Structure formats: structure tokens, C-alpha cells
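Engineer: Take this structure first; my questions come after.
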Amino acid sequence: MRLSLADFPTPPPTWAEIFGNTNPVEVEVGFGKGAFLLALARNRPEHNFFGVEFSKRRAFRLARLIERDGPSNAIAIHADMTCLVRTMIWPASVTAYHFYFPDPWWKTRHQRRRLFRDDFVNALARTLVTGGMIFLASDVAEYFAETVRQFSTVPELIQFPWERDHSTRKGKPILTDFERKYRTEGQPIFYAGFRKDV
């Protein structure tokens, strides 16, 4: 199923209207080729998975793949998450967010493209259910530390120790393409988890 922002009415649809059921919803932001999103959706049929990708080419490619081959509990769209989370996602409606290897956009003229700026982390917290979680992984120590610092400014988000623990029903780790590459190369990966307590 392929959606774009132009398909969304005002007020925005609920997750139940989008997926056709009331299962918990997890959102992956910046899914790239979509390997992690697809693997997680296939191994957790009791959850819905909503992928948001800024690259139109990658988003439409995965949307077409899902439309053709499934799984039915996954949707991929092309959108700017910094806008989407503020305008289109209902408060207290998301069970988990996944942010893996977000681009740090080092050049000054590109920093406006960063996900974690302005009040983005507050908007994320607003859309999480109580007990909802945010999973973060990065290979860039400086950007990771800055992102963790931003999360620490949100009182309702509590950091907890987390490393990759997503796996298939047979116990095989579910990894992103970058994660697999960096592990093979022995490159450090930094992980953090956050839980909404109120």
C-alpha cells in the first residue's frame, strides 16, 4: 500500500483507518532499502509498521515491493518526518520509534536537514503511548551524544540501556544494512533506548 502526504485528509486518519486494525504501531524513520522494516514486520505480525523515508526513490521502491509481496502489516511512504510528526500523527498513538544511523549533515548549510533539531524530540514524545519506546543507533559518536542530550531534555522520556535485541522467531538478529556492514568492519556502534513513563 502506497501513501503520500497528499492522500491524508484533515484531520489526519487514525492508525486503525490506515491499517484496518487496532494493532500497536511502530515507526521506522529513514528506512533506506527497507530490509529492517520488512524483516521486523514479517516477524511481528501482531504489530503494524509504518516506514517514513525522505528519499522519494527509496520510499516508492519499497512501497511497490510491499504492494506486490507484502507483508500486509507494513506501509512505506515518502515524507519529511519533522513535518509529519507535528501535523499528521495523533498524540499517544505510537508504540515505538526506530532511528538507525540518521545522517548527521555536518556542513553548516545542510544542518537544517537534521532530524534532531528544534522541538522534534518533544513532538516524538507527544505521539508516544505511555510505555512507548524510542530506539536509536548511530556510528557517529559526536552526533549520537548530541541526540541523546536532546532526548534528556524531555522530562517524560527516560533513557535505558539498550543494544540491538530485535530478532527473528528463530533467534537470528534483525539488523539494518549499515549495522551489518559496520559490525563486519568492526566499527563502533552507539545504542540508546528511551521510554515514555508518563
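The values are calculated or read from the model by the stated rules, or taken from the named source; none is laboratory data. Every value quoted in this text rests on a predicted model; they were computed, and no experiment measured them. Here the Cβ positions follow ideal geometry from the backbone for every residue, glycine too, while neighbour counts run over all protein chains shown. Keep in mind that these areas ignore ligands, DNA and RNA; they rest on the heavy atoms of the full protein, side chains included. Shrake-Rupley method; radii C 1.70, N 1.55, O 1.52, S 1.80 Å.
Engineer: Take T87 and decide whether it is β-branched (V, I, T), over 17 Å from I174 (Cβ atoms) and out of contact with any helix residue (DSSP H, G or I) (no Cβ under 8 Å at 6 or more places or on another chain).
Structural biologist: yes
Engineer: Let me ask something else about it. Regarding the stretch 56-63, can at least one residue be identified that is modelled with pLDDT of 95 or more, part of a loop (DSSP other than H, G, I, E, B) and either out of contact with any strand residue (DSSP E or B) (no Cβ under 9 Å at 6 or more places or on another chain) or open to solvent by 20 Å² or more (accessible area, probe 1.4 Å) (or both)?
Structural biologist: no
Engineer: Let me ask something else about it. If you take the residues in the stretch 33-53 that are among the small types (G, A, S) and open to solvent by 10 Å² or more (accessible area, probe 1.4 Å), which one is nearest to G171 (Cα to Cα)?
Structural biologist: A39
Engineer: Could you grab the pairs with beta carbons closer than 9 Å, sequence gap of 6+ or different chains, first residue in the stretch 181-198 and within 20 Å of A96 (Cα to Cα), second one loosely packed, with under 11 Cβ neighbours inside 10 Å and of a type in the set (F, W, Y)?
Structural biologist: A192/F160; G193/F160; F194/F160; R195/F160
Engineer: Residues in the stretch 66-78: is at least one surrounded by fewer than 15 Cβ atoms within 10 Å (Cβ to Cβ) and β-branched (V, I, T)?
Structural biologist: Scanning the stretch 66-78 turns up no residue that is surrounded by fewer than 15 Cβ atoms within 10 Å (Cβ to Cβ) and β-branched (V, I, T).
Engineer: While we're on this one: Across the stretch 118-160, what is the total count of residues that are assigned to a helix (DSSP H, G or I), open to solvent by less than 40 Å² (accessible area, probe 1.4 Å) and closer than 16 Å to W90 by Cα?
Structural biologist: Total satisfying the criteria: 6.
Engineer: Still on this structure: Restricting attention to the stretch 164-172, does a residue exist that is surrounded by 13 or more Cβ atoms within 10 Å (Cβ to Cβ), charged (D, E, K, R) and in a helix (DSSP H, G or I)?
Structural biologist: There is no residue in the stretch 164-172 that is surrounded by 13 or more Cβ atoms within 10 Å (Cβ to Cβ), charged (D, E, K, R) and in a helix (DSSP H, G or I).
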